[in-house]
Amino acid sequence: MRLLLVEDNRRLGTLVGDGLRESGYAVDWVTTIDEALAVLETTRIDLVLLDLGLPDGDGIDLIRRLRAAKKMTPVLILTARSGLNDRIAGLDSGADDFLVKPFAIEELSARCRALLRRPDRGLQPLLTLGNVVLNPVERTVSVGEDLQEFRRKEVDLLEVLLRRAGHVVPRPVLEDSMYGMNEDVSSNALEAVVSRLRRHLKQSGATVEIRTIHGVGYSISKQPILP
Ligand code: CA
């Protein structure tokens, strides 16, 4: 799950970003409406956390522009404005929830989970290849009949590969979808996750294989059936 945090207060941005990463989300953090729009144009974001007082305008305008463009990405407003009128204006503009600063990171995390669980997200189909089934909403993987305990990054990687099964997925695309843009990624982090995932798939008897295309990326496909 990938969250976009739009917050111009450095201290708060760092705090909230770190807290949510610890809860297992990939977090992109920007400080202006313009940057937020740029990210939303190019990246699949599951939830936007939005401050209202931003250097280049009011967060409410960002929501209006999103909704006008028929983008239904859920938005949670984070603001010090606690007045009833502010709440109503926020929700009227198309925000999904409202959290008043200061808040506990646990509460924020709980609100995020609730928004990400909304029923319309349940329409995302299961991803299946061979005997492997990944549920993109529940973040679960099963092989044959058995539910597997995969680590979060392994599930992230498997999801991107399965969405393009049979095609080579370039390294930067994989890294981009697995790590938030403010996360430091060491050069061999991806390899480490790939080898863990391969081992895990093999041990669980999966009938798929991940191939390395040197200098380019990785692809997943069904294992050829041996005679
Ligand atoms: Ca602000």
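A 1.4 Å probe run over the chain, with the rest of the protein chains in place, finds 53 Å² accessible per residue.
Centre-to-centre separation between the Cα atoms of region 87-106 and those of region 107-172: 28 Å.
Which of rounded, prolate, oblate describes region 127-222, given a ≥ b ≥ c as roots of the alpha-carbon gyration tensor eigenvalues and a/c under 1.5 marking rounded, otherwise prolate only if a/b is larger than b/c? Don't skip to the answer; put the middle values down first.
Details: a/c = 1.73, a/b = 1.41, b/c = 1.23.
Prolate, since a/c reaches 1.5 and a/b exceeds b/c.
THR42 exposes around 120 Å² of accessible area when a 1.4 Å probe is run over every protein chain in place.
Averaging the Cα positions of each part gives two centres, and for region 197-227 and region 44-58 these lie 39 Å apart.
One quarter of the convex hull surface built on the alpha carbon atoms of the chain amounts to 13.8 nm², the projected area averaged over directions. Note: relative contact order over region 127-222, using C-alpha pairs below 8 Å and six or more positions apart, is 34 percent. Looking at the square roots a ≥ b ≥ c of the eigenvalues of the Cα gyration tensor of region 48-168, which shape do they give, rounded for a/c under 1.5, prolate if a/b is larger than b/c, or oblate? Taking the square roots of the gyration eigenvalues as a ≥ b ≥ c, region 48-168 is prolate.
Tell me whether region 2-116 comes out rounded, prolate or oblate; compute the Cα gyration tensor, take square roots of the eigenvalues as a ≥ b ≥ c, and use a/c under 1.5 as the rounded threshold.
Working: a/c = 1.32, a/b = 1.10, b/c = 1.20.
Cα axes put region 2-116 in the rounded bin.
Computed over the chain, relative contact order equals 15 percent, with contacts defined as Cα pairs under 8 Å that lie 6+ residues apart. Using heavy atoms of the protein chains and a probe of 1.4 Å, the accessible area assigned to ASP156 is about 20 Å².
Let me check I've understood the local charge: for GLN223, count other residues with C-beta under 11 angstrom from its C-beta, Lys and Arg +1, Asp and Glu -1. What total comes out? Show your work: numbers first, answer last.
Numbers: positive: LYS202, ARG211, LYS222; negative: GLU209.
Around GLN223, the charge tally is +2.
Determine the gain in length on full extension of the stretch GLU106-GLU41; use 0.36 nm per residue of separation and subtract their C-alpha separation, reporting nm with one decimal.
On the way: separation 65, 0.36 × 65 = 23.40 nm, distance 2.94 nm.
Going from the current span to full extension adds 20.5 nm.
A run of the chain free of exposed loop cleavage sites, with trypsin sites (Lys or Arg not before Pro) counted only in DSSP states other than H, G, I, E and B and at most 10 other beta carbons within 10 Å, reaches its longest extent at 71-227.
For the chain, the share of accessible area belonging to carbon and sulfur comes to 51 percent (1.4 Å probe, ligands and nucleic acids excluded).
Let me have the relative contact order for region 2-116, percent, based on Cα pairs under 8 Å that are six or more residues apart. So the answer I get is 24 percent. If you take all other residues with their beta carbon under 9 Å from the beta carbon of LEU197, and give Lys and Arg +1 and Asp and Glu -1, the sum is +4.
Here the simple spin-label model places points 7 Å from the Cα toward Cβ, and for ARG118 and SER187 these points are separated by 4.2 nm. For the pair MET72 and VAL137, label points projected 7 Å from Cα toward Cβ lie 1.2 nm apart.
The values are calculated or read from the model by the stated rules, or taken from the named source; none is laboratory data. Only a predicted model underlies this, so the values are computations on that prediction, with no experimental measurement involved. So basically every Cβ, Gly included, is an ideal-geometry build from the backbone, and we count neighbours across all protein chains shown. Areas reflect the complete protein model, heavy atoms only, side chains present, ligands, DNA and RNA absent. Shrake-Rupley method; radii C 1.70, N 1.55, O 1.52, S 1.80 Å.
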